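Novice: I'd like to ask some things about the structure below.
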Amino acid sequence: MNNKIVKLALVLFLICAVTAGILGVVNALTYDRIYQMKHQKEFEAYAAVLESSSGYTETDFDKAAFPTVDSVQKSNDGNGYVVVSTFSGAQGSITMACGVGTDLKCTGISIIEHSETSGLGAVAASSSEAGVAFREQFVGQDGGIALSKAGGSIDALAGATITSTAVTNATATSIACVAALG
């Protein structure tokens, strides 16, 4: 009986070691490509929310005051900032780029990554008519942005109030972060 257990444990160990080795090789082969694709997606999100013909420069900000903000990129053209933040949605984290003009108004939002429910919260990031209309509501909004049910002008996505609230709050936080830069 003991011999059988040792043999099964050894076989299981070998299977795990081979699997770990294969995963390590696949990770090494795909890491650079995945990194490039992620940065390309971020660059496209920056361009979608704030045009800058000469690129962006990372700017220091008060991370303690704005814990959901990942980075602040200043347009080298001087027309504003792109704030990238990661925050909780209905089903997990949402990473979003928010353009903030020099007048402290939103120039656009782009959802870079999310795990929201398909057909509900995921609509916020989709290219569907409802998704585009939802994101367009943010253009021109200032730091007092809020959902219409809270007295603001942003209409929530049907069935996705948590996602809509999270995106609205993240936009307000992005504007406040840029305002704090001075």
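Derivation of every value follows stated rules applied to the coordinates shown; laboratory data play no part. This one's a predicted model, so the numbers in the text were calculated from it and none came from an experiment. Because the Cβ atoms are built from the backbone with ideal geometry, glycine has one as well, and the counts that use them run over all protein chains shown.
Novice: Compute the acute angle (0 to 90°) between the alpha-carbon long axis of helix 2-49 and the principal axis of greatest extent of the alpha-carbon atoms of the chain; round to the nearest 10°.
Specialist: 20 degrees
Novice: Shifting gears a bit: Could you estimate the translational diffusion coefficient of the stretch 1-72 from the Stokes-Einstein equation, with Rh from the Kirkwood formula over C-alpha pairs, at 20 °C and 1.002 mPa s, in whole µm²/s?
Specialist: This corresponds to a translational diffusion coefficient of 125 µm²/s.
Novice: Which whole-number value in Å³ per residue fits the convex hull of the alpha carbons of the stretch 1-121?
Specialist: It comes to 191 Å³ per residue, whole-number rounded.
Novice: So, one more: Mind checking the stretch 1-110 for GluC sites (Glu not before Pro) that DSSP puts in a loop (not H, G, I, E or B) and that have at most 16 other Cβ atoms within 10 Å?
Specialist: Answer in residue order: E51.
Novice: Using the C-alpha atoms of the stretch 48-180, what convex hull volume per residue, in cubic angstrom, is computed?
Specialist: Dividing the Cα hull volume of the stretch 48-180 by its residues yields 95 Å³.
Novice: Using the beta-carbon distance between S118 and A150 and R0 = 25 Å, what value does 1/(1 + (r/R0)^6) give for FRET efficiency, to the nearest 0.05?
Specialist: The formula returns an efficiency of 0.45 here.
Novice: Something else: How high is the FRET efficiency between N27 and D70 when r is their beta carbon distance and R₀ equals 35 Å, given to the nearest 0.05?
Specialist: E(calc), rounded to 0.05, equals 0.90.
Novice: So what is the relative contact order of the chain, in percent, for Cα pairs below 8 Å that sit 6 or more residues apart?
Specialist: Once normalised by length, the contact order is 16 percent.
Novice: Can you count the Lys pairs in the chain whose Cα atoms are under 25 Å apart, with each pair 8 or more apart or on different chains?
Specialist: 9
Novice: In whole angstrom, how far apart do the alpha carbon centroids of the stretch 93-128 and the stretch 1-48 sit?
Specialist: For the stretch 93-128 versus the stretch 1-48, the Cα centre distance is 30 Å.
Novice: What is the ratio of the Cα radius of gyration of the stretch 52-126 to 2.2 N^0.38 Å, where N is its residue count, to two decimals?
Specialist: 1.19
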